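Notes follow the structure.
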Amino acid sequence: MIKKILFVTLIIILIFLIYFEKTKSKNEILIASSMPQSSGLKAWGDSVLIATNSYFNYANDNNLIKDKKIVLKVLDDKYEPDLTYENITNLLKDDILSFYGIVGTPTNKRVLPLLEDSEIVYFSPFSGAQFLRDKNLSNIINFRPSYKQELETLLNYIVDEKKLEKIAIFYQNDEYGEEGYISTLEILKNKNIELISTGTYKRNTLSINHAFNEIKNSKPEVILMIGAYKANSLFIKKAKNDEVLKNVIFCNISFGDANSIVKELEDSNTNTKNLIFSQIVPNYNDKSLKIVQEYQEIIQKYSKESNFGFISFEAFLASKVLVNQISKIEKSGNLNSKNLLNALKNPPKNILYELELDFKNNQLLNKTYLFEYENGNFKEIEK
């Protein structure tokens, strides 16, 4: 008799759990991603995850999506493409409305066929790679400008305004680094300039010595850096202690993570002179901007322990656009991938207040910025 009662009880519990999960799934909108939550790029992944969850929690608390909760499910890929592939394969088993924010060029390249075949909306890859801006990619919408746009802005400043032409490049030996290298060659060719040296290192390592010596021997005035923040920081620290390279200008693109680079340098008492950072968002501390005020208020409320930064700001902006467009469709009762895709291509011009959104080249943002770091703050370079 006891066995029978236990059996019936278990059946009732099982039915309740199934019902609970089904009810829960109906009340949740699932957004999925794969990004580094460990390894050398953990700070990048953390910035994206914290800022995105902060805005999603804000949206949920304020019922921005008509009695539904938006949930972000993230799997750790350690910035390794094969793990990204495994993660996306597993996430495809879930009832996902949209993929979002996979961090890195090699990781995005590895899973591109999966994402295309799924026909699920994929919004805001954290990569400026040209292949993600292919007009034939029908379900992928970029938020940020391309690496080539960043490099054009940097090199126009370096060559046309500062009149420097002895340029070397330090880059990660994979799809990300090669993207920057090829774009640099194309831009410099149009200026009738050749790189004087190149140096590469392997992804997820700090094996920079060979690259350092190759570049040092060419005695450059400027070094472009297409790497991750730990490798870039180590190179800069080493160069600042070298007689040949100590006064070189170091130019980092946005994926290098300016905030983490500066922190690494300051923690080791390395001077931060002659650093230029390309970014795809304005200064996250410029409180004259209404969007910056909103960003800081929400991050402070939902993630008191985290710091403001360029990557965090970018993730916040992308999250705001995503939530706003989901909310609009949900109100009409027609929330599906096709409608979300169309909505993300046509967001309200003023949704980010001072920042203009214009869908072209398969991306929404089209402006880049340059910053120097002075007296503990990032200062925009007027171009």
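The values are calculated or read from the model by the stated rules, or taken from the named source; none is laboratory data. The model shown is predicted, which means the values in this text are computed figures rather than measured ones. So basically every Cβ, Gly included, is an ideal-geometry build from the backbone, and we count neighbours across all protein chains shown. These area figures cover heavy atoms from the full protein model, side chains too; ligands, DNA and RNA do not enter into them. Shrake-Rupley method; radii C 1.70, N 1.55, O 1.52, S 1.80 Å.
When the Cα centres of segment 28-67 and segment 101-132 are compared, how far apart do they sit, in Å? Each part's Cα centre sits 17 Å from the other's. I'd like the GluC sites (Glu not before Pro) in segment 335-383 restricted to DSSP loop residues with at most 10 other Cβ atoms within 10 Å, sorted by number. Loop-located and lightly packed - E382. Among the protein heavy atoms of segment 170-273, carbon and sulfur supply 41% of the accessible surface, probe 1.4 Å, non-protein parts ignored.
Taking the dipole about the Cα centre of the chain, with the C-beta of Lys and Arg at +1 and of Asp and Glu at -1, give me whichever of L344, L155, S254 is farthest to the positive side. Of the options given, the answer is L344.
Could you pull out the trypsin sites (Lys or Arg not before Pro) across segment 132-180 that fall in loop regions by DSSP (anything but H, G, I, E, B) with no more than 15 other Cβ atoms inside 10 Å? List each step's numbers first, then the result.
Values: sites: R133, K135, K148, K162, K163, K166; in loops: K135, K162, K163, K166.
In loop regions of segment 132-180 (DSSP not H, G, I, E or B), the sparsely surrounded trypsin sites (Lys or Arg not before Pro) are K135, K162, K163, K166.
Grab the DSSP H runs of the chain that are 4 residues or longer, score each as -39,500 (n - 2.57), total them, divide by all residues and round the 222 nm result to the nearest 500 deg cm²/dmol.
On the way: 12 runs with 170 residues, N = 383.
That comes out to -14500 deg cm²/dmol.
The value for segment 14-169 of Rg(Cα) / (2.2 N^0.38 Å) is 1.25. Would you mind working out the accessible area per residue for segment 285-383, using a 1.4 Å probe, and quoting it in Å²? Roughly 50 Å² per residue, with all protein chains present. With Rh defined as the Kirkwood radius, the inverse of the mean 1/r over Cα pairs, the Rg/Rh of the chain is 1.03. Residues considered: Y122, Y353, Y58. Largest GNM mean-square fluctuation over the chain, using C-alpha springs under 10 Å, is found at Y353. Computed from Cα atoms, the angle from the helix 310-332 axis to the main principal axis of the chain rounds to 30 degrees.
Rg over Rh for segment 107-255 works out to 1.02, using Cα positions for both radii and the Kirkwood form for Rh.
Take peptides 344-350, 51-57 and line them up by average Cβ neighbours within 10 Å, highest first, as a rough protection proxy.
Working: 344-350: 13.9, 51-57: 22.9.
So the order, starting with the most tightly packed, is 51-57, 344-350.
For the pair segment 349-366 / segment 218-251, the C-alpha centres are spaced 33 Å from each other. Placing dummy labels 7 Å off each Cα toward the beta-carbon, the span from K135 to K263 is 4.1 nm. The dipole here belongs to the chain: it is taken about the Cα centre, uses +1 on the Cβ of Lys and Arg and -1 on the Cβ of Asp and Glu, and is about 820 debye.
Counted by Cβ distance under 15 Å from I182, the other residues give a net charge of -4, where Lys and Arg count +1 and Asp and Glu count -1. Measuring only protein heavy atoms, the 1.4 Å probe finds K42 accessible over about 90 Å².
Just to confirm a number: summing +1 for Lys and Arg and -1 for Asp and Glu over residues other than E194 whose beta-carbon lies under 13 angstrom from that of E194, what do you get? Each step should come with its number before you reach the end.
On the way: positive: K166, K189, K191; negative: E165, E186.
That sum, taken over residues with Cβ under 13 Å, equals +1.
The C-alpha atoms of the chain define a longest principal axis, and helix 290-302 lies at about 60 degrees to it.
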